[in-house]
Structure formats: C-alpha cells, structure tokens
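K.L.:
Handing you a structure now.
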Amino acid sequence: MPQPYAGAQPASSPASGARRRVLAAALSAALLPLAGLGGCSRPGTAFRGIDITGADYAQGFSLTDAHGQRRTLADFRGRVVMLYFGFVQCPDVCPTALTRAAAVRQQLGAHADDLQVIFVTVDPERDTPALLREYMAAFDPSFLALTGTPEEIARTAQAFRVFYQKVPTGSSYTMDHTALSYLFDRQGRIRVVLRHEQTADDYLADVRALLDEAPA
Ligand SMILES: [Cu+2]
C-alpha cells in the first residue's frame, strides 16, 4: 500500500511552526495524486518507499556537474540512480541524507558501483562547483553533485515536484526544501520516492530491489 505523504515536509533550520504546517499542507496536496499510482508497477517488486512507477513527472534532468560537464539521466543507464535535492549549508537534513546514502552504497559491497548517488543543489548561488566537489568528497567520492543557473534549478525542481525557497536569517539565509529521495531503475525510469524519515535499511532494500530486477 502506498504510504501517506506525511513525511514530505520541507527541511530547514529555523522556521515557524505555522509556516511549516502551511508548507507541509501544500506539499501533501501536490503529492497526493501519487497515491493512486501504487498499483501500476510490475508485480513482484514491492518497495518500502512509494512506488511511482509510470509517473509522468521526475523524468530526468539536464544539469552541469561540479566538474563542468553537462549531465543527463541517460549518462547513468545500466545503474540505479538515487537523486536528492539539497544545499551545502544545510545544518542537518542534507548531511543525514548523504550519510545514509553513503551507508547504503557501502552495504552494496561489490555492487556499490551499480548505484549512482546524485545531489542537486537548490542553492546554486552559494554552492559553487568547488564547494560541491568538496562536499561530495566528504561523504563519498563517487557522489555526483549537479548545479545550474537558478532558472535551470527551478525548472528541474518543478519537474520533480520539489519545493524549495530561501528563508532569511538575519544577514544571510537558509533554505527550506523537500527532502525526498528519488530512485531510477537501470533503464532510467522513475520508480520510487523515499521519505527522509525512512531508515537506511528501507533505502537499501529498495535499491537492492531495483538492482535485482531482471533487465527489461
Ligand atoms: Cu537540506
């Protein structure tokens, strides 16, 4: 059964409870139609995340990696892709998500290279390529960071139904953002959304399920 979208609240540091509730409500409304898609997947693959096989969003991206190379989802054909949106200065949620992703990859052992973790910055103004390279290396050198112009990032986030916005903090700002992880199968099809509250075991189980699927 698809799970309710209670976990889709944005992640940030200081935000008022009222505003958080508004955001959470808006996100739930936007994501609710997903629930109806749960039955469409091929039989046999049961996911711990939300099965969005056949969804008409989250189809891919065309962005620039932290080495200056243009990247699209097709570059990773043959591997499972875990895609996550965040920002380097995130105090808690992004580091937790990336630490979990690194643990999942480690658990795959000899199959670690069959999983590509991709981090899309929602703060392209501050997250320079150099900073993104350094940040990825701190978790797992194989992780790939993607950036783009503010317009490209906005378009990509919209295509994934990912929400983000700047939240002023005195002289600076932090970001609210959706903290979901998207899994693509080896054929580049969007398959699963995992909530931030789910465990590393849940993430690992769904990655393994996709890796174990017979080639289409
Ligand atoms: Cu974050």
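K.L.:
Got a sec? Which strands (runs of 3 or more DSSP E) wholly within the stretch 65-164 have at least 1 residues that are away from the ligand (no atom under 14 Å from the Cβ) and among the polar types (S, T, N, Q)?
P.N.:
Because the criterion is at least 1 residues that are away from the ligand (no atom under 14 Å from the Cβ) and among the polar types (S, T, N, Q), the strands (runs of 3 or more DSSP E) in the stretch 65-164 that meet it are 70-72, 115-121, 144-147.
K.L.:
It is to be established whether one or more residues within the stretch 86-100 are in contact with an Asp or Glu (Cβ under 9 Å, 6 or more places away or on another chain), under 18 Å from Ile190 (Cβ atoms) and either surrounded by 19 or more Cβ atoms within 10 Å (Cβ to Cβ) or modelled with pLDDT under 95 (or both).
P.N.:
no
K.L.:
Being more than 16 Å from the ligand (Cβ to nearest atom) and in contact with a Pro (Cβ under 9 Å, 6 or more places away or on another chain) is the filter; apply it to the stretch 177-210 and report the residue that is farthest from Gln89 (Cα to Cα).
P.N.:
Gln187
K.L.:
May I pose another question? Within the stretch 168-216, count every residue that is part of a helix (DSSP H, G or I) and touching a strand residue (DSSP E or B) at 6+ places or on another chain (Cβ under 7 Å).
P.N.:
Selection size over the stretch 168-216: 6.
K.L.:
Which pairs have Cβ atoms under 9 Å, sit 6 or more apart or on different chains, and link a residue in the stretch 169-180 that is exposed (fewer than 14 other Cβ atoms within 10 Å of the Cβ) to one that is modelled with pLDDT under 95?
P.N.:
Listed by first residue and then by second, the contacts come to Thr169/Ser13; Thr169/Pro14.
K.L.:
Let me ask something else. Please work out if Arg42 is at pLDDT below 95 and among the charged types (D, E, K, R).
P.N.:
Taking the combined requirement at face value, the residue satisfies it.
K.L.:
Only residues in the stretch 88-99 that are within 18 Å of Thr147 (Cα to Cα) count as the first member; pair them with residues that are near the ligand (Cβ under 8 Å from one of its atoms) and not in a loop (DSSP other than H, G, I, E, B), Cβ under 6 angstrom, at least 6 apart or cross-chain, and list the lot.
P.N.:
What qualifies is Cys94/Gly86.
The values are calculated or read from the model by the stated rules, or taken from the named source; none is laboratory data. Bear in mind the structure is a predicted one, so any value in this text is a computation, not a measurement. Heads up, the Cβs are rebuilt from the backbone with ideal geometry, glycines too, and the neighbour counts pull from every protein chain shown.
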